[in-house]
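A quick write-up on the structure given underneath.
The values are calculated or read from the model by the stated rules, or taken from the named source; none is laboratory data. What you are looking at is a predicted structure, and each value in this text was computed from that prediction instead of being measured. Cβ: placed from backbone, ideal geometry, glycine included. Neighbour counts: every protein chain shown.
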Amino acid sequence: MKIKQGLLATLVTASCGLFTPLSHAVNIDITGKVIASPCEVNGGNETLSIDLGDSIRAGDIFEPGSGSEWKSADLELVCPPSARFFNVTFTGTSDDDDPAYYKNTGTAQRVMVELTNTLSETAYKNGTTLENLEVGGVYIINLRARAVSKWNPLPGTISAQVQATITYP
C-alpha cells in the first residue's frame, strides 16, 4: 500500500509540471466625454417666424432703400448655470446686389430682406457672428426684419431663410 501511495504521490507531482494553469489579461478601457450643457433655444422650436405681412404696398417702398414696416421677434435662450457664454452666427443667402441684405427667394422682384437687432440696430447680415455673449440663465436676442426695395418693386411673395447657429466656447 505504501508503494501505491508513493507511486500516486510521484505521479501527481510529476503531472503538475505537465499542466500549467491558463490565464489571460484583459484591459478595461473606460472612456467618456464631458460636453457643454446646451441651452434650450426658442422654447425647443426649430423655427422662428417673422411675418412681414401680406399687404406691403409696392408704392410704399418704391424708392431704392425704402423699407416696409419693421416686424419683431425674440430668439430666447434658457441656459443651465454651466453654460456661461455662447456665440451665435447668422448665415443665409446674401442678396446678389447688396450683401448687407438677404436674398428674397419669393416671387416679389427687386426686393431684399433686412435683419437687425431691435435695440442696437446692428445688421445681422450673412456671416455676422456675435461672440462671448454672457448668458446668466436667460438671454434674449431681439430681432427685427423688413422688406427693402432695390427700386420699383414688383408684387409677389417675400421669403428669406436665415440660420442662427449657436455654439458654446
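Values as computed for the structure displayed
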| quantity | calculated |
| --- | --- |
| Candidate set: the stretch 157-169, residues that are part of a loop (DSSP other than H, G, I, E, B) and of a type in the set (Ser, Thr, Tyr); chosen: the one nearest to GLU76 (Cα to Cα) | TYR168 |
| Residue among ILE56, ILE35, ILE50, ILE28 that alone is part of a loop (DSSP other than H, G, I, E, B), modelled with pLDDT of 85 or more and farther than 30 Å from ALA160 by Cβ | ILE28 |
| Top-ranked residue of the stretch 140-152 - restricted to ones that are crowded, with 18+ Cβ neighbours inside 10 Å and not basic (Lys, Arg), ranked as farthest from ASN117 (Cα to Cα) | SER149 |
| Some residue of the stretch 70-84 being more than 14 Å from the chain's Cα centre (by Cα), exposed (fewer than 10 other Cβ atoms within 10 Å of the Cβ) and at pLDDT 95 or above | no |
| Tally, over the stretch 42-100, of residues that are in contact (Cβ under 8 Å) with a residue 24 or more places away in the chain and either of a type in the set (S, T, N, Q) or touching a Cys at 6+ places or on another chain (Cβ under 8 Å) (or both) | 17 |
| Residues of the stretch 91-126 satisfying the condition of being of a type in the set (A, V, I, L, M, F, W, C) and modelled with pLDDT under 95 | LEU119 |
| Set LEU143, LEU154, LEU130: member being over 21 Å from VAL78 (Cβ atoms), aliphatic (A, V, I, L, M) and touching a Ser or Thr at 6+ places or on another chain (Cβ under 9 Å) | LEU154 |
| Single residue of the stretch 153-166 satisfying the filter (of a type outside the set (A, V, I, L, M, F, W, C) and exposed (fewer than 13 other Cβ atoms within 10 Å of the Cβ)) that is farthest from LEU115 (Cα to Cα) | PRO155 |
| Strands (runs of 3 or more DSSP E) (entirely within the stretch 71-150) containing at least 1 residues that are under 18 Å from PRO38 (Cβ atoms) | 71-78, 85-92, 129-134 |
